[in-house]
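Data block below; observations after.
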Amino acid sequence: MAGRHSRTRMFSSPAGIAATAAVGVVLAVGGTVGAVQLTSGEAAAPVVADTVPAAVSPSATSSPSAGASPTASPSPTVTASPKATRSQAASRARTRTATPKASATTKKAAPKSTVVDSGSCGASFYDEGQLTANGETFNPDALTAAHKTLPFNTRVRVTNPDNGRSVTVRINDRGPFIEGRCLDLSRAAFETIASVSLGELTVKYEVLG
């Protein structure tokens, strides 16, 4: 009997037998699946199940029933801001008085001159520098005139009837001493009513009071 090995048969427990049978089933199923995959040529995509719970919005839990329109919430009422008031302390020194309005000044109308005498006569002019009869220095550019008898500083309005121009002169000299003339005007006064080239013309005069 030398040289021979004896094999001892070991009997497994019922649990081991069940485990061995399960492994065999798995191998059989895996072989079948593999065969199917090899036959179809396509690999089955693994299915991944999303187990993350979706966030539930607060509105979902409190949403109104179907068919009912949501009620609009009233908008907040805007209140006007109070206007800033300016406080002014009362004057303790004196009582406030209204500012007097400026009164418009009225100009007095100049008194109208009255005519105390009038007439017509010849008038001439002169422009030589000399002293006048009342002691003034003769000024040919001033509105003055010479008369034989009228008091000095008497005002006389002289009018040219041909064109209606007039000038008021002040008597400060005596003359003229030529027949038919009653006034000798300064050059400026004569130019106001006529051209000096005339030398002499008939005028209407009015003595003003």
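The values are calculated or read from the model by the stated rules, or taken from the named source; none is laboratory data. This one's a predicted model, so the numbers in the text were calculated from it and none came from an experiment. Glycine gets a Cβ as well: all are built from the backbone with ideal geometry, and neighbour counts include every protein chain shown. These area figures cover heavy atoms from the full protein model, side chains too; ligands, DNA and RNA do not enter into them. Shrake-Rupley method; radii C 1.70, N 1.55, O 1.52, S 1.80 Å.
Select from segment 107-209 those GluC sites (Glu not before Pro) which occupy a DSSP coil region and have at most 12 other Cβ atoms within 10 Å, ordered by residue number.
Qualifying residues, ordered by number: E128, E179.
Leaving ligands, DNA and RNA out of it, work out the accessible area of D117 with a 1.4 Å probe and give it in Å² to the nearest 10.
80 Å²
Could you sort K112, K148 by their accessible area in this structure, using a 1.4 Å probe and putting the largest first?
Output order, biggest surface exposure first: K112, K148.
Enumerate the amide H contacts of T154 below 5 Å, restricted to partners 5 or more residues apart or on another chain; note that Pro and chain-start residues carry no placed amide H.
So T154 has HN proximity to I171.
Distance from the Cα centre of segment 180-202 to that of segment 145-178, in angstrom?
10 Å
Mind giving me the nanometre distance, one decimal, between the label points for K148 and L131, set 7 Å out from Cα along Cα→Cβ?
In this crude spin-label approximation the distance works out to 2.5 nm.
Chymotrypsin sites (Phe, Trp or Tyr not before Pro), restricted to segment 119-203: which are DSSP loop and have at most 12 other Cβ atoms within 10 Å? Let's see the in-between values first.
Values: sites: F125, Y126, F138, F152, F177, F190; in loops: F138, F152, F177.
Those that pass, being in a loop and sparsely packed, are F177.
Around R157, what is the net charge, scoring Lys/Arg as +1 and Asp/Glu as -1 over all other residues with Cβ under 15 Å from its Cβ?
On the way: positive: K112, R155, R165, R170, K204; negative: D117, E206.
Every neighbour counted, the sum reads +3.
Can you give the accessible area of R165 in Å² (nearest 10), computed on protein heavy atoms with a 1.4 Å probe?
We get 130 Å² for R165.
Per-residue accessible area for I178 at 1.4 Å probe radius, Å² rounded to 10?
Result for I178: roughly 80 Å² accessible.
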